[in-house]
Structures are given as C-alpha cells and as structure tokens.
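Enquirer: Got a structure here, written out as structure tokens. Questions coming.
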Amino acid sequence: MSKVIILILGMMIVTYLPRLIPFLMGNQKELPEKFNKFLSYIPATALGALILPGVFNATPDKPIAGIVGILFAIGYSWYKGGIILPVIGAILSTFIVLVAF
C-alpha cells in the first residue's frame, strides 16, 4: 500500500475517533442543566469568533460597510430571529454602503 494511502487512513482514524467516542458515551447519562445551557451557547460564540474578525478585514478601505452589515444582522436576528434573512440583509446593506459611499 502506498505511504500516501496509509497517511490518509491514519488521519481519517485520528479525526473520526474523537467525534465517535463522545457520541457513543454521551447517551448513557444526562448532563446537568447548567452544563447543557453552557453548551448551547458555544455555537453562537464560535461563529462570532470566526466571523467578527472577517467583518473588519473584508473591506479595509471602508470599515463602516462591515460595521453596518454586522449591525443589521444583529438587529434583525435579535427581533425576528432566523439565519438566512439576517445574512442576506447584512450582505445587501454592506453592498449598499460600499456602492453609496
């Protein structure tokens, strides 16, 4: 077998096992309510940490465009919820600011 194939299979196992083990062991007992609440905030926090730096780097010559887009997304999702419409609205509002100014 090629060394590349062995390397790919090894990386597959190393990546898959840390995801499989908690899945198999997690069904055995209930987690405390406070811990479940803490875990529910992780996706939003991770997205914020990944997206927010990109907002300011996307348009370095006009940072106000990124700020307007993120403010629209935060405001709309706060009052109406959802994912798709805040993202589309943020893109459109950023585009309008870029074209207008």
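The values are calculated or read from the model by the stated rules, or taken from the named source; none is laboratory data. Nothing here was measured: the structure is a model prediction, and the numbers come from that model. Quick reminder, even Gly has a Cβ in these numbers, built from the backbone with ideal geometry, and neighbours come from all protein chains shown. Surface areas here come from the heavy atoms of the whole protein model, side chains and all, with no ligands, DNA or RNA. Shrake-Rupley method; radii C 1.70, N 1.55, O 1.52, S 1.80 Å.
Enquirer: Explain nothing, just the number: relative contact order of the chain, from Cα pairs under 8 Å at least 6 residues apart, as a whole percent.
Expert: 19
Enquirer: Taking the Cα centre of the chain as origin, sum charge times position over the Cβ atoms of Lys and Arg (+1) and Asp and Glu (-1), and report the length of that vector in debye to the nearest 20.
Expert: 180
Enquirer: Where the accessible area of region 1-100 is counted over protein heavy atoms with a 1.4 Å probe, how much of it, in %, is carbon and sulfur?
Expert: Answer for region 1-100: carbon and sulfur cover 77 percent of the accessible area.
Enquirer: Using R₀ = 22 Å, calculate the FRET efficiency as 1/(1 + (r/R₀)^6) where r is the Cβ-Cβ separation of ILE67 and THR45; round to 0.05.
Expert: That gives a FRET efficiency of 0.65.
Enquirer: Under a 1.4 angstrom probe, counting protein chains only, how are SER93, SER40, SER77 ranked by accessible area, largest first?
Expert: From most exposed to least exposed: SER40, SER77, SER93.
Enquirer: Place a label point 7 angstrom from the Cα of SER77 along the Cα-to-Cβ direction, then list the residues of region 18-61 whose backbone nitrogen is under 20 Å away.
Expert: 37-59
Enquirer: Turning to a different aspect of this structure: Can you find, among VAL87, THR59, TYR16, the residue farthest towards the positive end of the dipole of region 1-100? Put +1 on the C-beta of Lys and Arg, -1 on that of Asp and Glu.
Expert: Highest projection toward the positive end goes to TYR16.
Enquirer: Then there is this: Among (1) 38, 24, 10; (2) 31, 20, 10; (3) 27, 16, 10, which one is semi-axes √(5λ) of the Cα gyration tensor in Å computed from these coordinates?
Expert: (1)
Enquirer: Moving on. How large is the accessible surface per residue of the chain, computed with a 1.4 Å probe and reported in Å² as a whole number?
Expert: 86
Enquirer: In degrees between 0 and 90, to the nearest 10, how far off the longest principal axis of the chain does helix 3-25 point, with axes built from Cα atoms?
Expert: 90
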